[in-house]
Amino acid sequence: MPKAVSSFELTLKSRSRHQTLTNWLYGQLRSAILEGRLEPGARLPASRDFASQYELSRGTVVSVLERLQAEGYITSRVGFGTWVNRVEAPGPARQATTTPAYIRRVISTYKRRPQPWVDQAFVDGIRPFRIGVPAINEFPSEVWGRIAAARARNFRSWLKKEADRRGYRPLRDAMAEYLRTSRGVRCTAEQIVLVSGIQQALDLLARLLLKKSDPIWMEDPGYFGARIAFDNVGARIIAVPVSDEGLSVSTGIKICPDAKGAYVTPAHQFPLGVTMSLERRMALLSWASRAGAFVIEDDYDSEYRFEGPPVPALQSLDNHSSVIFIGSFSKTLFPALRLGYVVLPAPLIDFFLGFRYRTDFRNSSFDQAVLCDFIVEGHLGRHLRRMRNLYAERLATLMEGARLHLGGLLEISNVRAGLYTIGYLKNEMTSRQAEKLAAAQGVEVLAVDRCTVRRPDPNALLLGFGGFDEVATRQGLIRLAKALS
């Protein structure tokens, strides 16, 4: 059995007045072993160190250890030390017989307001066709590791710039140039605030900009993460339908002309994948200006467009400080990099920072410094170009395989962008039925009706393709065909 020395002190309960030191220490160590606080294989300190650590005599410690060894709780060998044996507990620990009132209130709330994403049938591990998974194996991890090692050795190079609550200034400078060049965003480094990802950005913006019962336009179907953020503040979701040209602004005005704001994914609408037309972009900005409303533009994966020129950001057309632009690096680089950004209109910056300071005092400067070097040295640009070609090939493989294996079952959209695509069911199954049957075959697809607010079930599935090579994709399609047949 592998043995590991713990560097942490074991918490021992106070000794009662009538209990001897030996019995007290024996009882505490025995309980720690049976309860699993001292796991099998855990190394105990030498008796001299143990006695010094807990201010006991060495004789007391030796006596207790000898008793525990005699009863089989520990093993001690000269020259090898003392470690905990695997021991079965005499019975389950006593549990509370009733559920606390605060937990019952949470359960009651969720029963009254069921959420469409709670019972997602994802299987263990990352399997085709989970959405939001980039090609992690293709990331230049050696380059990232070299940069990280250099930054770790030069501790002061990034720590001393921690004072700016907007984030690491050199990274914001690099990002401002990148966003201006690649997305047409009109911004300076001062307008960029670094956050831990899209969801934190949405959470902060929802709590800053909305009050309970405030109406906000939401694409229908739309991104469920945004719906979570708006639901959390008690906002009133105004479901605005999406067509081939994106959010229907005219319908939104008819339903709720005085909404406080709108949330949109104009470059690559989630989940339908369409691009908002210029006409509707201008109509949305015109409405926001007249109504004094904000527009949150979520630019979650627009770097990956496989046909036609890049689509400029909605923010690039805004002349009235209406648009708040948000994005992250989790899909362009790797999901574990929890780094996102908010590009704010200048008058809103101080208020956003003040609000954020209530819950988050500091930024993760080390990751920001590493990402800064990764961008400045040109690695981000090279990585995006290489991934754009790779993802285009993987999408082509998916579409070709779908024609071969899913004919009459699922029709894949011809939208060529992003890391996922949408397929429309042709076998009279509902989205949820198809999702559940696919999970039973070890395939992960997302039912599109999880993204709807008022719209009927589109009878469609989302299939991620970015993280899966040709072999995994073809095997996944065979299993999916079996599930849908």
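The values are calculated or read from the model by the stated rules, or taken from the named source; none is laboratory data. Model, not experiment: these values are computed from the prediction. All Cβ positions, glycine included, derive from the backbone under ideal geometry; neighbour counts span all protein chains shown. For accessibility, only protein heavy atoms count, side chains too; no ligands or nucleic acids. Shrake-Rupley method; radii C 1.70, N 1.55, O 1.52, S 1.80 Å.
Miscellaneous remarks
- Straightening the chain between residue 199 and residue 37 buys 54.8 nm, computed as 0.36 nm per residue apart minus the Cα-Cα spacing.
- Label-zone membership for the stretch 266-284, site residue 178, 7 angstrom Cα→C-beta point, backbone N under 19 Å: 267-268
- Taking 0.36 nm per residue of separation and subtracting the current Cα-Cα distance, fully stretching the chain between residue 485 and residue 278 would add 70.5 nm.
- Label assignment, percent of Cα pairs over 31 Å apart derived from the structure, set [x] 45; [y] 64; [z] 57: [z]
- Mean ellipticity per residue at 222 nm, deg cm²/dmol - from DSSP H runs of n ≥ 4 across the chain, formula -39500 (n - 2.57): -12500 deg cm²/dmol
- Between the stretch 425-485 and the stretch 297-357, the alpha-carbon center distance in angstrom: 29
- In terms of accessible area, using a 1.4 Å probe and ignoring ligands and nucleic acids, 287, 144 rank largest first as 144, 287.
- Ligands, DNA and RNA excluded, the heavy atoms of residue 164 present near 40 Å² of accessible surface to a 1.4 Å solvent probe.
- Contact order relative to length of the stretch 333-431, as percent, for alpha carbon pairs under 8 angstrom and 6 or more apart: 14
- The chain: Lys pairs at Cα distance under 27 angstrom, eight or more positions apart or on different chains: 13
- Theoretical gain in end-to-end length, residue 153 to residue 366 [0.36 nm per residue, Cα-Cα removed]: 75.5 nm
- Local electrostatic count, residue 359, Cβ distance below 12 Å [Lys/Arg +1, Asp/Glu -1]: +2
- Within the chain, longest stretch clear of exposed GluC sites (Glu not before Pro) (DSSP loop, no more than 10 other Cβ within 10 Å): 89-306
- Remark on residue 74: its backbone amide H falls under 5 Å from those of 69, 85, a criterion applied only to residues 5 or more positions apart or on other chains, H modelled at 1.01 Å from N.
- Proximal charge balance of residue 295 [Cβ under 14 Å; K/R count +1, D/E count -1]: -1
- Taking Cβ atoms as reference points and 12 Å as the exclusive limit, the residues near residue 467 contribute a net charge of +1, counting Lys and Arg as +1 and Asp and Glu as -1.
- Theoretical FRET efficiency, 1/(1+(r/R0)^6), r = Cβ-Cβ of residue 440 and residue 244, R0 30 Å, to 0.05: 0.35
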